[in-house]
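**Student:** Dropping a structure here in C-alpha coordinates format, bear with me for questions.
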Amino acid sequence: MAYVSNYDKFPLVDFNQRGEISWRGWTDICSQINTAAAALPGTQKTVVLECYPGLLEDEVRAALAAGLKGRLVYSEEYLLPPADIEKLVYPDVTDDEIFGYITRLGIADFIDQRKVEALRASLAGEELVFIYGPGAALVPAEYQLLVYFDMPRWEGQLRFRRNQVGNLGVTNHTAKASLQYKQAFFVDWRVADKLKKKLMGRWDYVIDTTVPGDPKMVQGAALNEAFARLTHRPFRVVPFFDPGPWGGQWMKEYCDLDRSAKNFAWCFDCVPEENSLLIKFNDLVFETPSVNLVFSQARNLLGNPVQARFGDEFPIRFDFLDTMQGGNLSLQVHPYKEYIREHFGMDYTQDESYYLLDAADDAVVYLGLKEEVDRDRMFADLQEAQSGGAPFDAGKYVEIWPVKKHDHVLIPAGTIHCSGTNSMVLEISATPYIFTFKLWDWGRMGLDGKPRPINISRGREVIDWSRTPGNTRAELVNAVVTIAEGDGWREERTGLHEREFIETRRHWFSKPVMHHCDGSVNVLNLVEGREAIVESPSGAFPSFVVHYAETFIVPA
(Lines give C-alpha, C1' and ligand atoms only; values in the text may rest on other atoms or scores of the structure.)
Protein backbone atom coordinates (compact mmCIF):
# COMPACT_ATOMS: atom_id res chain seq x y z
CA MET A 1 0.00 0.00 0.00
CA ALA A 2 1.17 3.53 -0.78
CA TYR A 3 2.25 5.58 2.21
CA VAL A 4 -0.14 8.45 3.00
CA SER A 5 1.83 11.42 4.29
CA ASN A 6 0.55 13.47 7.23
CA TYR A 7 3.63 15.72 7.35
CA ASP A 8 2.49 19.34 7.75
CA LYS A 9 4.45 21.59 5.37
CA PHE A 10 2.69 24.75 6.55
CA PRO A 11 2.40 24.63 10.36
CA LEU A 12 0.28 27.48 11.64
CA VAL A 13 0.03 29.26 14.99
CA ASP A 14 -3.34 30.92 15.68
CA PHE A 15 -2.80 34.18 17.54
CA ASN A 16 -6.53 34.29 18.34
CA GLN A 17 -6.84 38.03 18.96
CA ARG A 18 -9.65 40.14 17.59
CA GLY A 19 -9.82 43.78 16.55
CA GLU A 20 -8.43 45.69 13.58
CA ILE A 21 -4.83 44.57 13.79
CA SER A 22 -4.15 43.28 10.26
CA TRP A 23 -4.42 44.45 6.64
CA ARG A 24 -3.81 42.86 3.24
CA GLY A 25 -2.89 44.31 -0.15
CA TRP A 26 -1.07 47.52 -0.98
CA THR A 27 -4.23 49.60 -1.20
CA ASP A 28 -5.41 48.80 2.32
CA ILE A 29 -1.87 48.90 3.74
CA CYS A 30 -1.13 52.36 2.32
CA SER A 31 -4.54 53.58 3.42
CA GLN A 32 -3.87 52.49 7.01
CA ILE A 33 -0.40 54.08 7.01
CA ASN A 34 -1.93 57.32 5.71
CA THR A 35 -4.57 57.21 8.45
CA ALA A 36 -1.99 56.58 11.16
CA ALA A 37 0.24 59.34 9.81
CA ALA A 38 -2.63 61.84 9.69
CA ALA A 39 -3.39 61.15 13.34
CA LEU A 40 0.15 62.00 14.46
CA PRO A 41 0.50 65.21 16.49
CA GLY A 42 2.35 68.27 15.23
CA THR A 43 2.67 70.05 11.91
CA GLN A 44 5.78 68.25 10.68
CA LYS A 45 5.54 64.47 10.59
CA THR A 46 8.08 61.84 9.57
CA VAL A 47 7.26 58.21 8.84
CA VAL A 48 10.13 55.71 8.56
CA LEU A 49 9.66 52.78 6.17
CA GLU A 50 12.61 50.59 7.21
CA CYS A 51 13.20 47.42 5.21
CA TYR A 52 15.14 44.17 5.22
CA PRO A 53 17.43 43.55 2.22
CA GLY A 54 15.91 41.63 -0.68
CA LEU A 55 12.59 43.40 -1.32
CA LEU A 56 11.21 43.51 -4.86
CA GLU A 57 11.86 47.22 -5.32
CA ASP A 58 9.79 47.79 -8.47
CA GLU A 59 6.65 46.43 -6.83
CA VAL A 60 7.11 48.11 -3.46
CA ARG A 61 8.09 51.53 -4.79
CA ALA A 62 5.25 51.63 -7.29
CA ALA A 63 2.77 50.76 -4.55
CA LEU A 64 4.13 53.39 -2.15
CA ALA A 65 4.28 56.09 -4.82
CA ALA A 66 0.67 55.43 -5.75
CA GLY A 67 -0.70 54.98 -2.23
CA LEU A 68 1.09 57.30 0.19
CA LYS A 69 0.13 60.96 0.58
CA GLY A 70 3.27 62.96 1.29
CA ARG A 71 6.85 63.39 0.13
CA LEU A 72 8.53 60.03 -0.48
CA VAL A 73 12.30 59.73 0.01
CA TYR A 74 14.17 56.68 -1.32
CA SER A 75 17.36 55.10 -0.01
CA GLU A 76 19.48 56.33 -2.94
CA GLU A 77 19.14 59.81 -1.47
CA TYR A 78 21.14 58.91 1.65
CA LEU A 79 23.19 55.72 1.01
CA LEU A 80 26.79 55.70 -0.18
CA PRO A 81 27.29 55.18 -3.94
CA PRO A 82 27.38 51.49 -4.94
CA ALA A 83 31.09 51.64 -5.78
CA ASP A 84 31.88 52.94 -2.31
CA ILE A 85 29.76 50.22 -0.70
CA GLU A 86 31.63 47.55 -2.67
CA LYS A 87 34.91 48.87 -1.24
CA LEU A 88 33.38 49.09 2.23
CA VAL A 89 32.29 45.44 2.35
CA TYR A 90 35.24 43.90 0.51
CA PRO A 91 37.30 43.04 3.65
CA ASP A 92 34.39 40.91 4.89
CA VAL A 93 33.22 39.58 1.52
CA THR A 94 36.78 38.72 0.34
CA ASP A 95 37.66 37.00 -2.95
CA ASP A 96 36.93 33.52 -1.60
CA GLU A 97 34.17 31.81 -3.57
CA ILE A 98 32.36 30.54 -0.46
CA PHE A 99 33.65 32.11 2.73
CA GLY A 100 33.94 35.59 4.13
CA TYR A 101 34.14 37.14 7.58
CA ILE A 102 31.19 37.95 9.84
CA THR A 103 31.07 41.70 9.46
CA ARG A 104 31.56 44.22 12.22
CA LEU A 105 29.87 46.89 10.12
CA GLY A 106 26.50 48.41 10.94
CA ILE A 107 23.92 49.93 8.63
CA ALA A 108 25.18 53.38 9.63
CA ASP A 109 28.41 52.60 7.75
CA PHE A 110 26.39 52.40 4.50
CA ILE A 111 24.97 55.90 4.96
CA ASP A 112 26.55 59.05 3.53
CA GLN A 113 26.29 61.58 6.32
CA ARG A 114 26.76 64.52 3.97
CA LYS A 115 23.74 63.32 2.00
CA VAL A 116 21.80 62.96 5.24
CA GLU A 117 22.59 66.52 6.32
CA ALA A 118 21.53 67.88 2.94
CA LEU A 119 18.41 65.74 2.98
CA ARG A 120 17.41 66.92 6.44
CA ALA A 121 17.79 70.52 5.33
CA SER A 122 15.61 69.91 2.28
CA LEU A 123 12.89 68.32 4.44
CA ALA A 124 12.54 71.34 6.71
CA GLY A 125 9.02 72.66 6.48
CA GLU A 126 7.60 69.53 4.82
CA GLU A 127 4.27 68.60 6.40
CA LEU A 128 4.56 64.82 5.91
CA VAL A 129 7.62 62.83 4.83
CA PHE A 130 7.98 59.08 4.21
CA ILE A 131 11.59 57.75 4.19
CA TYR A 132 11.92 54.33 2.58
CA GLY A 133 14.83 51.89 2.40
CA PRO A 134 17.55 50.13 4.43
CA GLY A 135 18.78 52.45 7.15
CA ALA A 136 15.78 54.77 6.86
CA ALA A 137 15.42 54.81 10.66
CA LEU A 138 18.86 56.43 10.97
CA VAL A 139 18.16 59.32 8.59
CA PRO A 140 15.77 61.69 10.40
CA ALA A 141 16.70 63.34 13.67
CA GLU A 142 13.39 62.01 14.95
CA TYR A 143 10.31 60.28 13.57
CA GLN A 144 6.82 59.54 14.81
CA LEU A 145 5.81 56.33 12.99
CA LEU A 146 7.84 53.21 12.13
CA VAL A 147 6.78 50.67 9.51
CA TYR A 148 9.08 47.67 8.96
CA PHE A 149 9.08 45.75 5.64
CA ASP A 150 10.26 42.22 6.42
CA MET A 151 10.92 38.88 4.72
CA PRO A 152 12.70 35.60 5.58
CA ARG A 153 16.21 34.86 4.40
CA TRP A 154 15.08 31.80 2.48
CA GLU A 155 12.90 33.92 0.19
CA GLY A 156 15.89 36.22 -0.32
CA GLN A 157 17.95 33.25 -1.49
CA LEU A 158 15.29 32.28 -4.02
CA ARG A 159 15.26 35.85 -5.35
CA PHE A 160 19.04 35.72 -5.79
CA ARG A 161 18.62 32.55 -7.85
CA ARG A 162 16.02 34.27 -10.03
CA ASN A 163 18.24 37.35 -10.49
CA GLN A 164 15.47 39.51 -9.02
CA VAL A 165 17.45 41.37 -6.36
CA GLY A 166 20.96 42.52 -5.59
CA ASN A 167 22.93 42.90 -2.39
CA LEU A 168 22.55 45.76 0.03
CA GLY A 169 23.19 49.10 -1.69
CA VAL A 170 24.75 47.67 -4.86
CA THR A 171 23.45 46.78 -8.31
CA ASN A 172 24.55 43.16 -8.78
CA HIS A 173 21.22 41.53 -9.69
CA THR A 174 22.82 39.36 -12.36
CA ALA A 175 25.78 38.18 -10.24
CA LYS A 176 26.20 34.49 -9.44
CA ALA A 177 23.58 33.58 -6.85
CA SER A 178 26.07 31.80 -4.59
CA LEU A 179 28.20 34.96 -4.40
CA GLN A 180 25.15 37.07 -3.61
CA TYR A 181 24.22 34.60 -0.87
CA LYS A 182 27.74 34.78 0.56
CA GLN A 183 27.64 38.57 0.70
CA ALA A 184 24.21 38.48 2.34
CA PHE A 185 25.29 35.86 4.88
CA PHE A 186 28.44 37.65 5.97
CA VAL A 187 27.32 41.28 5.59
CA ASP A 188 23.79 42.23 4.51
CA TRP A 189 21.77 40.12 6.91
CA ARG A 190 24.14 40.86 9.78
CA VAL A 191 23.89 44.65 9.52
CA ALA A 192 20.13 44.50 8.91
CA ASP A 193 19.62 42.25 11.95
CA LYS A 194 21.61 44.59 14.20
CA LEU A 195 19.25 47.43 13.33
CA LYS A 196 16.13 45.26 13.43
CA LYS A 197 16.87 44.21 17.01
CA LYS A 198 16.93 47.86 18.05
CA LEU A 199 13.66 48.64 16.27
CA MET A 200 11.49 45.66 17.23
CA GLY A 201 10.40 47.15 20.53
CA ARG A 202 9.01 50.26 18.90
CA TRP A 203 7.80 49.27 15.42
CA ASP A 204 4.20 50.37 14.81
CA TYR A 205 3.48 48.13 11.83
CA VAL A 206 5.27 45.19 10.21
CA ILE A 207 4.71 44.20 6.58
CA ASP A 208 5.18 40.64 5.30
CA THR A 209 6.59 40.96 1.77
CA THR A 210 7.31 37.26 1.23
CA VAL A 211 4.73 36.59 -1.49
CA PRO A 212 5.09 38.92 -4.48
CA GLY A 213 1.96 40.98 -5.03
CA ASP A 214 0.37 39.88 -1.77
CA PRO A 215 1.69 42.03 1.10
CA LYS A 216 0.25 41.66 4.61
CA MET A 217 0.57 44.05 7.52
CA VAL A 218 -0.02 43.67 11.26
CA GLN A 219 0.34 45.96 14.21
CA GLY A 220 3.83 45.75 15.66
CA ALA A 221 2.47 45.41 19.19
CA ALA A 222 0.30 42.45 18.13
CA LEU A 223 3.26 40.71 16.50
CA ASN A 224 5.41 41.22 19.60
CA GLU A 225 2.63 39.83 21.78
CA ALA A 226 2.42 36.79 19.52
CA PHE A 227 6.16 36.23 19.95
CA ALA A 228 5.77 36.41 23.73
CA ARG A 229 2.92 33.88 23.67
CA LEU A 230 4.92 31.50 21.47
CA THR A 231 7.47 30.99 24.24
CA HIS A 232 4.76 29.28 26.32
CA ARG A 233 3.84 26.48 23.92
CA PRO A 234 5.42 23.98 21.52
CA PHE A 235 5.56 25.12 17.90
CA ARG A 236 7.03 24.34 14.50
CA VAL A 237 8.72 26.59 11.98
CA VAL A 238 7.89 26.37 8.26
CA PRO A 239 10.16 23.80 6.56
CA PHE A 240 11.62 24.36 3.11
CA PHE A 241 13.01 21.88 0.64
CA ASP A 242 15.77 22.11 -1.94
CA PRO A 243 17.20 19.83 -4.65
CA GLY A 244 20.86 18.88 -4.84
CA PRO A 245 23.29 16.93 -7.01
CA TRP A 246 23.10 13.96 -4.62
CA GLY A 247 19.39 14.31 -3.72
CA GLY A 248 17.02 11.41 -3.20
CA GLN A 249 13.40 10.37 -3.37
CA TRP A 250 12.35 9.64 0.25
CA MET A 251 11.00 13.08 1.11
CA LYS A 252 8.74 13.14 -1.93
CA GLU A 253 6.68 10.37 -0.36
CA TYR A 254 7.01 11.01 3.36
CA CYS A 255 6.75 14.82 3.15
CA ASP A 256 4.28 14.83 0.22
CA LEU A 257 6.39 16.82 -2.24
CA ASP A 258 6.23 17.29 -6.00
CA ARG A 259 6.63 13.80 -7.45
CA SER A 260 7.75 15.21 -10.81
CA ALA A 261 10.78 16.99 -9.32
CA LYS A 262 14.13 15.35 -10.10
CA ASN A 263 15.02 15.05 -6.41
CA PHE A 264 15.01 16.72 -3.01
CA ALA A 265 18.31 16.77 -1.18
CA TRP A 266 17.65 19.00 1.83
CA CYS A 267 14.79 19.82 4.12
CA PHE A 268 15.55 22.67 6.52
CA ASP A 269 13.06 21.52 9.13
CA CYS A 270 14.30 23.69 11.99
CA VAL A 271 16.82 26.38 11.12
CA PRO A 272 15.30 29.49 12.73
CA GLU A 273 17.81 31.84 11.09
CA GLU A 274 16.30 31.01 7.70
CA ASN A 275 12.88 29.44 8.37
CA SER A 276 9.61 31.29 8.86
CA LEU A 277 6.73 31.27 11.29
CA LEU A 278 3.14 31.37 10.07
CA ILE A 279 0.97 33.27 12.56
CA LYS A 280 -2.76 33.71 12.04
CA PHE A 281 -4.07 37.16 12.99
CA ASN A 282 -7.87 36.99 12.69
CA ASP A 283 -8.28 35.66 9.12
CA LEU A 284 -4.84 36.76 7.92
CA VAL A 285 -1.94 34.26 7.76
CA PHE A 286 1.18 36.34 8.35
CA GLU A 287 4.67 35.03 7.56
CA THR A 288 7.54 36.33 9.66
CA PRO A 289 11.18 35.21 9.90
CA SER A 290 11.42 32.81 12.83
CA VAL A 291 14.68 34.48 13.86
CA ASN A 292 12.52 37.45 14.93
CA LEU A 293 11.21 35.29 17.76
CA VAL A 294 14.79 34.54 18.81
CA PHE A 295 15.70 38.23 18.73
CA SER A 296 12.70 39.32 20.78
CA GLN A 297 12.40 36.41 23.24
CA ALA A 298 15.88 34.91 23.49
CA ARG A 299 15.91 34.24 27.23
CA ASN A 300 12.35 32.91 27.44
CA LEU A 301 12.86 30.76 24.36
CA LEU A 302 16.35 29.40 25.02
CA GLY A 303 16.55 29.40 28.82
CA ASN A 304 19.17 31.10 30.96
CA PRO A 305 22.15 28.74 30.40
CA VAL A 306 21.76 28.65 26.60
CA GLN A 307 20.99 32.35 26.24
CA ALA A 308 23.94 33.27 28.45
CA ARG A 309 26.29 31.43 26.10
CA PHE A 310 24.73 32.13 22.69
CA GLY A 311 22.85 35.38 23.21
CA ASP A 312 20.12 35.89 20.64
CA GLU A 313 21.23 33.07 18.36
CA PHE A 314 19.39 29.76 18.11
CA PRO A 315 22.33 27.32 18.27
CA ILE A 316 20.58 24.06 17.29
CA ARG A 317 19.75 22.97 13.76
CA PHE A 318 17.64 20.01 12.59
CA ASP A 319 17.55 19.23 8.87
CA PHE A 320 17.10 16.27 6.53
CA LEU A 321 19.63 14.88 4.04
CA ASP A 322 17.94 12.57 1.56
CA THR A 323 20.17 10.25 -0.48
CA MET A 324 17.56 7.52 -1.04
CA GLN A 325 18.11 6.44 -4.67
CA GLY A 326 20.49 9.38 -4.83
CA GLY A 327 24.25 9.72 -4.40
CA ASN A 328 26.87 10.15 -1.72
CA LEU A 329 27.19 13.50 -0.01
CA SER A 330 30.49 15.25 -0.62
CA LEU A 331 33.37 13.97 1.50
CA GLN A 332 33.91 16.83 3.95
CA VAL A 333 35.14 18.14 7.27
CA HIS A 334 34.11 21.04 9.54
CA PRO A 335 36.60 23.40 11.23
CA TYR A 336 37.45 23.54 14.91
CA LYS A 337 36.12 26.39 17.04
CA GLU A 338 39.51 28.11 17.07
CA TYR A 339 39.75 27.99 13.28
CA ILE A 340 36.23 29.24 12.60
CA ARG A 341 36.70 32.12 15.03
CA GLU A 342 40.03 33.21 13.57
CA HIS A 343 39.16 32.85 9.88
CA PHE A 344 35.44 33.64 9.73
CA GLY A 345 34.51 35.49 12.91
CA MET A 346 32.07 32.86 14.22
CA ASP A 347 31.91 32.14 17.96
CA TYR A 348 31.14 28.41 17.67
CA THR A 349 31.53 25.73 15.07
CA GLN A 350 29.47 23.19 13.16
CA ASP A 351 29.62 20.10 15.32
CA GLU A 352 26.98 17.69 14.06
CA SER A 353 25.59 14.18 13.94
CA TYR A 354 23.66 11.89 11.61
CA TYR A 355 20.55 10.19 12.98
CA LEU A 356 19.36 7.56 10.51
CA LEU A 357 15.67 8.23 10.10
CA ASP A 358 15.61 5.53 7.46
CA ALA A 359 18.15 3.43 5.58
CA ALA A 360 18.31 0.79 2.85
CA ASP A 361 20.19 -2.45 3.38
CA ASP A 362 23.32 -1.11 1.66
CA ALA A 363 23.46 2.23 3.53
CA VAL A 364 26.84 3.35 4.84
CA VAL A 365 28.47 6.36 6.45
CA TYR A 366 32.04 7.43 5.69
CA LEU A 367 33.41 8.42 9.10
CA GLY A 368 36.92 8.95 10.39
CA LEU A 369 40.15 7.59 8.98
CA LYS A 370 41.67 4.19 8.52
CA GLU A 371 44.71 3.18 10.56
CA GLU A 372 48.09 4.71 9.72
CA VAL A 373 46.90 6.85 6.83
CA ASP A 374 49.67 8.41 4.75
CA ARG A 375 48.56 12.05 4.99
CA ASP A 376 50.72 13.33 2.14
CA ARG A 377 49.60 10.53 -0.18
CA MET A 378 45.95 11.10 0.70
CA PHE A 379 46.10 14.80 -0.14
CA ALA A 380 48.15 14.17 -3.25
CA ASP A 381 45.40 11.80 -4.43
CA LEU A 382 42.74 14.41 -3.59
CA GLN A 383 44.59 17.07 -5.58
CA GLU A 384 45.10 14.72 -8.51
CA ALA A 385 41.40 13.80 -8.57
CA GLN A 386 40.40 17.44 -8.39
CA SER A 387 42.74 18.22 -11.29
CA GLY A 388 41.01 15.67 -13.51
CA GLY A 389 43.18 12.65 -12.75
CA ALA A 390 42.11 9.31 -11.34
CA PRO A 391 39.00 9.50 -9.10
CA PHE A 392 39.77 9.67 -5.39
CA ASP A 393 39.53 6.26 -3.70
CA ALA A 394 37.79 7.36 -0.50
CA GLY A 395 37.65 3.82 0.90
CA LYS A 396 41.45 3.64 0.83
CA TYR A 397 41.70 6.37 3.47
CA VAL A 398 38.29 6.81 5.11
CA GLU A 399 36.59 4.13 7.21
CA ILE A 400 33.19 2.99 5.89
CA TRP A 401 30.54 1.98 8.45
CA PRO A 402 27.35 0.07 7.55
CA VAL A 403 24.33 1.82 9.13
CA LYS A 404 20.68 0.98 9.68
CA LYS A 405 17.52 2.80 10.68
CA HIS A 406 17.80 4.53 14.11
CA ASP A 407 21.59 4.43 14.23
CA HIS A 408 23.17 7.64 15.50
CA VAL A 409 26.60 8.72 14.26
CA LEU A 410 28.38 11.60 16.02
CA ILE A 411 30.56 13.99 14.01
CA PRO A 412 32.63 16.40 16.12
CA ALA A 413 34.43 19.16 14.24
CA GLY A 414 37.54 17.88 12.51
CA THR A 415 36.05 14.46 11.71
CA ILE A 416 36.13 13.57 8.01
CA HIS A 417 32.71 12.25 6.99
CA CYS A 418 29.79 11.95 4.62
CA SER A 419 26.60 9.95 4.25
CA GLY A 420 26.51 7.39 1.49
CA THR A 421 23.66 6.70 -0.88
CA ASN A 422 20.32 5.21 0.20
CA SER A 423 20.13 6.96 3.57
CA MET A 424 17.62 9.36 5.07
CA VAL A 425 19.55 11.41 7.61
CA LEU A 426 18.14 13.61 10.32
CA GLU A 427 21.11 15.91 10.81
CA ILE A 428 21.31 17.30 14.36
CA SER A 429 23.96 19.95 14.60
CA ALA A 430 25.09 23.35 15.74
CA THR A 431 23.78 26.17 13.59
CA PRO A 432 26.78 27.57 11.61
CA TYR A 433 25.70 25.76 8.49
CA ILE A 434 27.87 26.93 5.59
CA PHE A 435 31.28 26.15 7.09
CA THR A 436 31.84 22.87 5.27
CA PHE A 437 35.20 22.11 3.68
CA LYS A 438 34.50 19.75 0.78
CA LEU A 439 37.41 17.45 0.02
CA TRP A 440 35.93 15.32 -2.77
CA ASP A 441 32.61 15.50 -4.61
CA TRP A 442 32.82 12.20 -6.46
CA GLY A 443 33.64 13.88 -9.78
CA ARG A 444 30.12 15.22 -10.37
CA MET A 445 28.77 18.62 -11.32
CA GLY A 446 26.46 20.89 -9.35
CA LEU A 447 22.90 21.56 -10.46
CA ASP A 448 24.22 24.45 -12.57
CA GLY A 449 26.41 22.05 -14.55
CA LYS A 450 29.60 23.41 -13.01
CA PRO A 451 31.96 21.83 -10.45
CA ARG A 452 31.11 22.66 -6.84
CA PRO A 453 33.84 24.47 -4.87
CA ILE A 454 36.36 22.19 -3.15
CA ASN A 455 38.44 23.25 -0.12
CA ILE A 456 41.24 20.70 0.11
CA SER A 457 43.82 23.06 1.60
CA ARG A 458 41.47 24.32 4.31
CA GLY A 459 40.34 20.78 5.04
CA ARG A 460 43.90 19.62 5.62
CA GLU A 461 44.30 22.29 8.32
CA VAL A 462 41.41 20.99 10.44
CA ILE A 463 41.28 17.20 10.07
CA ASP A 464 41.42 15.32 13.37
CA TRP A 465 43.92 12.58 12.62
CA SER A 466 43.11 10.75 15.88
CA ARG A 467 39.75 9.62 14.44
CA THR A 468 40.89 6.12 13.55
CA PRO A 469 38.59 3.06 13.67
CA GLY A 470 39.09 2.18 17.32
CA ASN A 471 38.43 5.73 18.48
CA THR A 472 35.54 6.20 16.06
CA ARG A 473 33.84 2.94 17.07
CA ALA A 474 34.16 3.69 20.78
CA GLU A 475 33.11 7.34 20.73
CA LEU A 476 31.12 8.14 17.58
CA VAL A 477 29.06 5.17 16.36
CA ASN A 478 25.95 4.36 18.40
CA ALA A 479 27.31 5.63 21.71
CA VAL A 480 23.90 4.87 23.24
CA VAL A 481 23.37 4.64 27.01
CA THR A 482 20.07 3.93 28.75
CA ILE A 483 19.28 6.78 31.17
CA ALA A 484 16.09 5.45 32.72
CA GLU A 485 13.14 3.19 31.93
CA GLY A 486 9.75 2.28 33.28
CA ASP A 487 6.42 0.80 32.33
CA GLY A 488 6.01 1.45 28.60
CA TRP A 489 8.95 3.82 28.16
CA ARG A 490 12.73 4.03 27.90
CA GLU A 491 15.00 7.07 27.74
CA GLU A 492 18.43 6.82 26.14
CA ARG A 493 21.33 9.18 25.71
CA THR A 494 22.58 8.89 22.13
CA GLY A 495 25.17 11.71 22.14
CA LEU A 496 26.50 14.09 21.29
CA HIS A 497 30.24 13.80 21.78
CA GLU A 498 31.95 15.36 24.79
CA ARG A 499 33.44 18.00 22.48
CA GLU A 500 29.96 19.04 21.35
CA PHE A 501 27.62 21.27 23.36
CA ILE A 502 24.33 19.63 22.31
CA GLU A 503 23.04 16.59 24.18
CA THR A 504 20.68 14.21 22.39
CA ARG A 505 18.25 11.82 24.00
CA ARG A 506 15.91 9.27 22.49
CA HIS A 507 12.58 8.45 24.11
CA TRP A 508 10.76 5.22 23.27
CA PHE A 509 7.20 5.05 24.62
CA SER A 510 3.96 3.13 24.07
CA LYS A 511 1.86 5.03 26.61
CA PRO A 512 1.80 8.57 28.06
CA VAL A 513 5.21 9.53 29.43
CA MET A 514 6.58 12.60 31.21
CA HIS A 515 9.37 14.60 29.58
CA HIS A 516 11.48 17.05 31.58
CA CYS A 517 12.97 20.06 29.79
CA ASP A 518 15.51 20.89 32.54
CA GLY A 519 15.21 24.65 32.05
CA SER A 520 16.49 24.58 28.49
CA VAL A 521 15.06 24.84 25.01
CA ASN A 522 14.35 21.39 23.55
CA VAL A 523 14.18 20.51 19.86
CA LEU A 524 12.47 17.21 19.10
CA ASN A 525 11.62 15.06 16.10
CA LEU A 526 9.16 12.16 15.96
CA VAL A 527 11.46 9.47 14.54
CA GLU A 528 9.02 6.56 14.84
CA GLY A 529 5.22 6.38 14.95
CA ARG A 530 2.58 8.16 12.88
CA GLU A 531 1.80 10.95 15.34
CA ALA A 532 2.06 11.92 18.99
CA ILE A 533 0.23 14.34 21.26
CA VAL A 534 2.24 16.80 23.35
CA GLU A 535 0.40 18.11 26.41
CA SER A 536 1.18 20.27 29.43
CA PRO A 537 0.60 18.53 32.77
CA SER A 538 -0.76 21.83 34.08
CA GLY A 539 -2.76 22.79 30.97
CA ALA A 540 -0.36 25.63 30.17
CA PHE A 541 -0.90 25.31 26.41
CA PRO A 542 -3.36 23.63 24.01
CA SER A 543 -2.63 20.04 23.03
CA PHE A 544 -0.07 19.94 20.23
CA VAL A 545 -0.01 17.16 17.62
CA VAL A 546 3.27 16.25 15.94
CA HIS A 547 3.45 13.90 12.95
CA TYR A 548 6.10 11.47 11.77
CA ALA A 549 9.41 13.17 10.85
CA GLU A 550 8.27 16.61 12.02
CA THR A 551 10.61 18.72 14.13
CA PHE A 552 9.19 20.94 16.84
CA ILE A 553 10.53 23.32 19.48
CA VAL A 554 9.64 23.33 23.18
CA PRO A 555 10.69 26.71 24.61
CA ALA A 556 12.56 26.72 27.89
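The values are calculated or read from the model by the stated rules, or taken from the named source; none is laboratory data. Quantities reported herein were computed from a predicted structural model and do not represent experimental measurements. So basically every Cβ, Gly included, is an ideal-geometry build from the backbone, and we count neighbours across all protein chains shown. The accessibility values were calculated without ligands, DNA or RNA, using every heavy atom of the protein model including side chains. Shrake-Rupley method; radii C 1.70, N 1.55, O 1.52, S 1.80 Å.
**Student:** Restricting to the range 440-458, and then to whatever is more than 24 Å from the chain's Cα centre (by Cα) and over 15 Å from Glu97 (Cβ atoms), can you tell me which residue is surrounded by the most Cβ atoms within 10 Å (Cβ to Cβ)?
**Tutor:** My answer is Trp440.
**Student:** Taking the condition touching a residue at least 24 places away in the same chain (Cβ under 8 Å), in a loop (DSSP other than H, G, I, E, B), within 15 Å of His408 (Cβ to Cβ) and more than 27 Å from the chain's Cα centre (by Cα), does Ala479 pass?
**Tutor:** It is true that Ala479 is touching a residue at least 24 places away in the same chain (Cβ under 8 Å), in a loop (DSSP other than H, G, I, E, B), within 15 Å of His408 (Cβ to Cβ) and more than 27 Å from the chain's Cα centre (by Cα).
**Student:** Checking the condition at pLDDT 95 or above and closer than 21 Å to Ser330 by Cβ, which residue from Ile454, Ile463 passes?
**Tutor:** Selected residue: Ile463, the only one of Ile454, Ile463 that is at pLDDT 95 or above and closer than 21 Å to Ser330 by Cβ.
**Student:** Also: Sort out which residues of the range 329-339 are open to solvent by less than 30 Å² (accessible area, probe 1.4 Å) and touching a helix residue (DSSP H, G or I) at 6+ places or on another chain (Cβ under 9 Å), and write them in order of number.
**Tutor:** Hits for the range 329-339 are Leu331, Gln332, Val333, His334, Pro335, Tyr339.
**Student:** Run Glu50 past the list (1) touching a strand residue (DSSP E or B) at 6+ places or on another chain (Cβ under 7 Å); (2) among the acidic types (Asp, Glu); (3) over 18 Å from Met151 (Cα atoms) and report the number of the one that doesn't hold.
**Tutor:** Every listed condition holds for Glu50 apart from (3).
For every residue, the table says whether it meets (1) of a type in the set (A, V, I, L, M, F, W, C); (2) modelled with pLDDT of 95 or more; (3) out of contact with any helix residue (DSSP H, G or I) (no Cβ under 8 Å at 6 or more places or on another chain).
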position	(1), (2), (3)
Gln219	no, yes, yes
Val238	yes, yes, yes
Trp250	yes, yes, yes
Cys255	yes, yes, yes
Asp258	no, yes, no
Val271	yes, no, yes
Val285	yes, yes, yes
Val294	yes, yes, no
Arg299	no, yes, no
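**Student:** Please pick out the residue among Gly100, Gly125, Gly70, Gly156 that is in contact with an Asp or Glu (Cβ under 9 Å, 6 or more places away or on another chain) and on the phi > 0 side of the Ramachandran plot.
**Tutor:** One residue alone meets the criteria, Gly70.
**Student:** Taking the stated definitions as given, is Asp393 open to solvent by 30 Å² or more (accessible area, probe 1.4 Å) and within 25 Å of the chain's Cα centre (by Cα)?
**Tutor:** No, not satisfied.
**Student:** With respect to Val206, determine if the residue is under 18 Å from Ala136 (Cα atoms), open to solvent by less than 10 Å² (accessible area, probe 1.4 Å), part of a strand (DSSP E or B) and at pLDDT 95 or above.
**Tutor:** Yes, satisfied.
**Student:** What's the number of the condition Gly166 fails, among (1) touching a Phe, Trp or Tyr at 6+ places or on another chain (Cβ under 9 Å); (2) surrounded by fewer than 19 Cβ atoms within 10 Å (Cβ to Cβ); (3) more than 26 Å from Val237 (Cα to Cα)?
**Tutor:** (2) is the only condition that Gly166 fails.
**Student:** Only one of (1) in contact with a strand residue (DSSP E or B) (Cβ under 7 Å, 6 or more places away or on another chain); (2) of a type in the set (A, V, I, L, M); (3) open to solvent by 20 Å² or more (accessible area, probe 1.4 Å) is not met by Val398, so which one is it?
**Tutor:** Of the numbered conditions (1) in contact with a strand residue (DSSP E or B) (Cβ under 7 Å, 6 or more places away or on another chain); (2) of a type in the set (A, V, I, L, M); (3) open to solvent by 20 Å² or more (accessible area, probe 1.4 Å), the odd one out for Val398 is (3).
**Student:** Six or more apart or on different chains, Cβ under 9 Å: which pairs go from a residue in the range 366-392 that's of a type in the set (Lys, Arg) to one that's surrounded by 11 or more Cβ atoms within 10 Å (Cβ to Cβ) and part of a loop (DSSP other than H, G, I, E, B)? Could you list them?
**Tutor:** Lys370/Thr468; Arg375/Ile463; Arg375/Trp465
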